[in-house]
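Since the structure comes first, as structure tokens, the remarks are kept for the end.
Since every read-out is calculated from the coordinates, none of them should be taken as a lab result. These figures come from a predicted structure and were not determined experimentally.
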Amino acid sequence: MVARPRPGTPPGRRQQVFGDVELAAALSGTRGRDAEATVKGIGAALADHHDGWASDDTALLALRVPPSS
């Protein structure tokens, strides 16, 4: 699976999609952060993955689930 390339990217230089493996890696560095910092961290990892360019809108949602009692 590949992501849509940045306009002007030479053929054959398409980037891999930011998928489950990349998301897991980004999340591994967010332990202990609040929701806002977690979303910012994932957003930064996504931007880094695509050299700061996005072809589509990106939406991130963080939920805090309290521990069961």
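Results, tabulated for the structure shown:
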{"item": "Extension reserve of the residue 40-residue 22 stretch, reckoned as 0.36 nm per residue once the Cα distance is removed", "result": "5.0 nm"}
{"item": "Contour excess over end-to-end distance, with Cα ends at residue 60 and residue 47 and 0.36 nm allotted per residue", "result": "3.4 nm"}
{"item": "Under Karplus coefficients 6.51, -1.76 and 1.60, residue-wise ³J(HN,Hα) of region 28-36 in Hz, glycine/proline x", "result": "4, x, 10, 4, x, 7, 7, 4, 4"}
